[in-house]
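Following: one structure in structure tokens, then a few remarks.
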Amino acid sequence: MSSMFRYNCAKMDPALLRERELFKKRALSTPAVEKRQAPSDSHKKKKPKLDKESSSGSKHGAESSNGSFNIKTSSGYKFGCLAKIVNYMKALVSNPKIYVRDGTYGFKPKYNLKDKKALLRLLDKHDQLGLGGVLLDDVEEGLPNSAKAIKVLGDQIIFVTRPDKKKILFYNDKHCQFIVDEEFQKLWRSVPVDNIDDEKIDEYLKKQGISSMQETGPKKVLPIKRKKQGGQRKRHFKTHNNHLAGVLEDYSEGVPQLGVLPAALNPGQPSSANYVMSTQHEITLQLISATVNKELCTVPFHFGEHGNYSLWVKNLNESSVVNCSVVTDEGPVNSYIPILVAFLIFAGLALASAIGTKIFGLDVVKGILFRISSSMETERLINSELGSPGRTLSLVADNILPPAPSPSKRLRSLDTFRGLSLVIMVFVNYGGGRYWFFRHESWNGLTVADLVFPWFVFIMGTSVALSINSMLRTGATRLSLLRKVAWRSVQLFAIGVFIINPNYCQGPLSWDNLRIPGVLQRLAWSYLAVACLDLLVARGHLDVLTTGVSAPQEAWWSPGLDVLLYWPAWLCVLLLEVVWLCLTFLLPVPNCPTGYLGPGGIGDMGQYTNCTGGAAALIDRWLLGESHIYQTPSSRVIYSTGMPHDPEGVLGSINSILMAFLGLQGVISAILTKCSTDQGFIPVNKNLWSLSYVTTLACFAFVLLVLVYYTVDVKRWWSGAPFYYPGMNSILVYVGHEVFEEYFPFRWTMANSQSHAEHLTQNLVATSCWVFISYMLYRKKIFWKI
């Protein structure tokens, strides 16, 4: 029996421990054996000789008779104890906190938490799904060193004590923090709610002219003209209501109810409520009467950052006409001044560098510098062995080797373009000054942050063609190049999985929730596919270009030379796109419409809550597992999505291959998107790497590359500095900025975390440090290549 019942006392449920202690006490207090009862008189009469013999026995025999046991009674008790033990063991199987595996009993906590990061994710998920808090007892059971972890999390967790003295943990969503004025606090505390059930509360509200919210179906969304201006900070917003009971709602970006504006306590008295508004776009405020479900007024307004506003709502002459007006109580701040100051500083540095280069290029300055350097060199030679008369020099012409042939000229424009994309990527990843246009778009649309990764993929495809053609000219075989391409892809993938994705500041690598997709992983797949396609046709391409037969450059079909020579590769890419389109628009997704491209959550009026990403997310969860993809997509902020979605997922890798292979496709992008954000056939979407997103960014990349090539390599008006240096060491800069993100001088504690100026300064200093590091490595000719 003992071999079957093994458990870990350190992890056993406290209730089970208490039951075990009570069982021990009962077992100790109850005798395990019983003495034989004294024989009756009739028994003595029947067996007198036996009693006599017993009395004439030895002293030891008498003592043995007095201590004899009732074996039948003792065996029955033992059987009862064993039966209770068996019943306990059978009950353990149905206990939700006990698991049985191969005859072994173990403790199963309600939440299996690895570290404090897992606890924070659990609380955040409960907050997003409206599940409430988590009992502290459950956290202590499932999280090792829970007290230390909770202490480290600090103000990220809120404690609430229930009437039964049990503590509950809630996620402290700092986006929801706002100031409540004293007047509202007094009104809130003055309302008696003790011993009042929901029915009595409804009756009280009806007497006051207030009806509870009713489910009336999705409300119509008015078309809103959005202007992308202003910062992203929240503003204090105060509404005043005179005689009205209504609901104030914000329908910007599909966000539903903003809040309820209560009625006045007494007729003729005003009431007010405070709200926090987003200043990223212009929004339209709608005031709707809760009693008649009628729109009372509509006010479009673009709120400014750190401003305080009041929306005054009044009846006109006691009629049904309502007047709504927005009044500025405290003017907003200009959040773009830090950007202007930073631009002037960097422009001044660039101008000073250009002037210095021009001055040092003058003949007069060159002569002065030459004389200074010559005098120093003469003095050095006099004091060295080179100036001694006993030293003889013998020149042997036969030993002089001819100079090595110079390597092919490297296009500085490619490294400059790569460095430009990388510098913007580093700046965006470090925070981008907390400006909304330096962050990834929540779902459909484009920001500056959405440009750089596709550009990096694009320039990688350009470099693949040049490097493979160059190596083929030197006599390399396709098999050797294929091995090199495969090995480099494996290295990129491994660096992305084991170095970039894990956050080692939060603890050791965990296989249970290790993210498999990522930026370098996407680059690895794209590089492998495009390089293999190029190797299939590169030799034929090279033969046509290097032979003088038929002079293809002068033929009428020369503008389409790349397409004609690469037709097998184009055929493969088109087949991949057909696969992407079929999977995206034809693959059925459970409980979601086929071909859904929306964000899920509260988007689309909350009809498809768990459909984030559609087929792309379904394929990622099926192939990789839900715990191995990105858990906090950019859509969760605005659309309150609870489903994980990876922007570098499996299905999007097909379009990243297309990105590295495409030409100028601006017309196709206009057709796919209908020149709009959300109304096109295939909207521009970075999270899905949609077809329109790839063609649009390829168009931008071609135009930018032409400009950089013309100014850097053709006219040489610009050397490519400072972007040229990180472009020469792109892998080192990218990996380094991810690994050392939390270290000084790349990050430090700020005095005012709500200031754009401090965030912008920190992010620009961090980015400039990596540019300077790449410059020093370039001077020392240190390059990390894989």
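Coordinate-derived values only; no laboratory data. The structure presented is a predicted model; accordingly, all values stated were derived computationally and were not measured. With ideal geometry, Cβ positions are generated from the backbone for all residues, glycine too; neighbour counts draw on all protein chains shown.
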- Go ahead and run the numbers for FRET between ARG121 and LEU623, Cβ-Cβ distance against an R0 of 25 Å, rounding to 0.05. 0.65
- Message: To the nearest 20 Debye, how big is the dipole of region 116-176 about its Cα centre, given +1 on the beta carbon of each Lys and Arg and -1 on that of each Asp and Glu?
- Response: 180 debye
- Using a Förster distance of 25 Å, the FRET efficiency for MET605-THR632 (Cβ separation, nearest 0.05): 0.60
- Task: Give the order of TRP784, TRP717 when sorted by the count of other beta carbons within 10 angstrom, beginning with the fewest.
- Result: TRP717, TRP784
- Efficiency of FRET from Cβ geometry, VAL100 and LEU536, R₀ 35 Å, rounded to 0.05: 0.05
- Task: Could you pull out every residue, at least 5 positions away or on a different chain, whose amide H is within less than 5 Å of the one on GLU441? Hs are placed 1.01 Å off N in the peptide plane, and Pro or chain starts have none.
- Result: THR447, ASP450
- Note on the structure: So, with points 7 Å from each Cα along the Cβ direction, the ALA354-VAL739 label distance in nm works out to 3.7 nm
- Message: 7 Å from Cα along Cα→Cβ at both ASN293 and LEU131: what's the point-to-point distance in nm?
- Response: 3.3 nm
- Ranked output for segments 156-162, 366-372 by mean other Cβ atoms within 10 Å, highest leading, reads 156-162, 366-372
- Please list the non-local residues whose amide H lies under 5 Å from the amide H of ILE157, H modeled 1.01 Å from N, same-chain partners needing a gap of 5 or more. ASN172
- Please sort 685-691, 164-170, 334-340, 492-498 by packing, taking for each peptide the average over its residues of neighbouring beta carbons within 10 angstrom, highest first. 685-691, 492-498, 334-340, 164-170
- For the pair ILE372 and ALA486, the simple spin-label estimate (label points 7 Å beyond Cα toward Cβ) gives in nm 5.8 nm
